[in-house]
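Chemist: Here you go, one structure.
Please treat every number below as a calculation from the coordinates, not as lab data. Here the structure is a predicted model, which means the values were calculated and not measured. Reconstructed Cβ throughout: ideal geometry from the backbone, glycine too, with neighbour counts over all protein chains shown.
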Amino acid sequence: MQGIKRLVTITALGLLALGCRAETGVTDSAITIGMSAPFSGPNGAYGIDMRQTIQAYFDQINKSGGISGRKLDLVALDDGYETERTVANTKTLLKEKNAFALLAYYGSSPTTEAMNTVFGPGKVPLIGTISGASTLREPLNSNGNGRYMFNVRASYADETEAIVNQLVSLGLKNIAVFYQNDGFGKSGLDGVTAALAKHKMAPSATATVERNSIDVQKAAEAIGKANPQAVVMVTLYKPTAAFVKEMKRNNQNPMFMTLSPVGTEQLVQELGASARGIGISQVVPYPWNDVTPVVRDYQKLASKPGSYSYYGLEGYLMAKTLVEGLKRAGKDLTRDKLVSSLESMSNVDFGGYRVNYSPNSRQGSRFVELTVVGPGGKVLK
């Protein structure tokens, strides 16, 4: 009889322990965070910048005791900026690597597909992606998967409106659009078109390039026929550089403007002196300005001025957003608690950069400022 009682007690305690067990990716000593971004190929520099900064920040947090005594473990997988690989990586991170939450993804089409097919249905939050696409910012009552997508950066609508308003203020009316033929490019084209419509204008010409391609000759020829005063380029650094070179080869010298995903440092390196005069919208503060507290903190992590970058700073801001959410969620950590704690982050100031969520909003920030490439490749505000 005593043996039976003992067995019942042990079974009950075992069930209690199972009921209290922390969620996937959380142990007494660690929290596993998953990341998918390009670490190879033409866009590998973007992901590497983000990963290095995030890892340095996690190391700093871990040396200070972690989050409620748990260290942060980053598992980062290379997707080459390809949608299929991003989706496959997300499945691997959740099913094999046991990631508790996701961080710092890359690209509009890859992130949207992963949200709608994997981490959204799985109810796993993703904090931050390099995308301002509207598909990641739909009202939560129209796409429930968006509840688990916490954007940090401003939208492409915010960026393109700032660019168009600047061009119109200069008296320019003949404005063309060169865009990448994917979710990023199309979202940017929609943003430029909507911003121009507010001024009762429309793009004078449009042309595309395929993702991960630099075959821009036809696009340059098509846009050149309109003799534009300005071209808004919704492309990454390699096709952007190839397009600028091709336009100048054809004796076309409009004002060139592009969006933050281009990768400012990579574009300058690719174009050299030809980058001078290109305008770039940015969605995080100037990484070389040590007056801004959050930038100063980032610079300490980056360790040397030559390694400062917009992508590195954006990765840092994504990681800070996640860490703030984890701290608010407390020791008894679950994904639902992390979602609720992120939703509680109303107008949180990281020291010159504010993040704002609510139960009905996942926008994060609307920070946008315009920069231009000056002499010697120096980025000027």
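Chemist: Quote the charge dipole size of segment 70-180 about the Cα centre in Debye, to the nearest 20; the model charges only the Cβ of Lys and Arg (+1) and of Asp and Glu (-1).
Modeler: 400 debye
Chemist: Further question on the same structure: What's the angle, to the nearest 10 degrees (0 to 90), between helix 293-302's Cα axis and the longest principal axis of the chain?
Modeler: The angle comes out at about 80 degrees.
Chemist: Treating the angle as unsigned and between 0 and 90°, give the value, to the nearest 10°, between the Cα long axis of helix 44-63 and the longest Cα principal axis of the chain.
Modeler: Its long axis makes an angle of about 40 degrees.
Chemist: Helix 310-329 sits at what angle to the longest principal axis of the chain, using alpha carbons and giving 0 to 90 degrees rounded to 10?
Modeler: 30 degrees
Chemist: Compute the separation of the alpha-carbon centres of segment 254-314 and segment 199-229 and state it in Å as a whole number.
Modeler: 25 Å
Chemist: Further question: With only alpha-carbon atoms in the gyration tensor, what are the semi-axes of the equivalent ellipsoid for segment 229-285, in Å, largest first?
Modeler: Largest first, segment 229-285 gives 18, 12, 9 Å.
Chemist: Would you work out which of Ile278, Val164, Gly306 lies farthest towards the positive end of the dipole of the chain? Charges go on Cβ: Lys and Arg +1, Asp and Glu -1.
Modeler: Going by the charge dipole, the pick is Gly306.
Chemist: Would you mind ranking Lys63, Lys248 by Cβ crowding within 10 Å, fewest neighbours first?
Modeler: In increasing order of surrounding Cβ atoms, one gets Lys63, Lys248.
Chemist: What is the extension gain from Ala197 to Ala222, computed as 0.36 nm multiplied by their sequence separation minus the C-alpha to C-alpha distance, in nm to one decimal?
Modeler: Extra length from Ala197 to Ala222 when fully extended: 6.8 nm.
Chemist: Towards the positive end of the charge dipole of segment 156-282, with charges on Cβ (+1 Lys, Arg; -1 Asp, Glu), say which of Phe178, Ala230, Ile214 has the farthest Cα.
Modeler: Ala230
Chemist: Another question, if that's okay. Which residues does the label zone of Lys378 cover in segment 283-323, counting backbone N under 15 Å from a point 7 Å along Cα→Cβ?
Modeler: 287-290, 306
Chemist: Could you tell me which of the pairs Lys63/Lys300; Lys304/Lys327; Lys225/Lys381; Lys238/Lys378; Lys95/Lys320; Lys198/Lys378 are separated by over 27 angstrom between their Cα atoms in the structure shown?
Modeler: Lys304/Lys327; Lys225/Lys381; Lys198/Lys378
Chemist: Can you list the residues, at least 5 places off or on another chain, whose amide H is less than 5 Å from the amide H of Gly364, using H built in the peptide plane?
Modeler: Excluding prolines and chain starts, which carry no amide H, the hits are Asn356.
Chemist: Treating only the Cβ atoms of Lys and Arg (+1) and Asp and Glu (-1) as charged, compute the dipole magnitude of segment 156-282 about its Cα centre; round to the nearest 20 debye.
Modeler: I would put it at about 420 debye.
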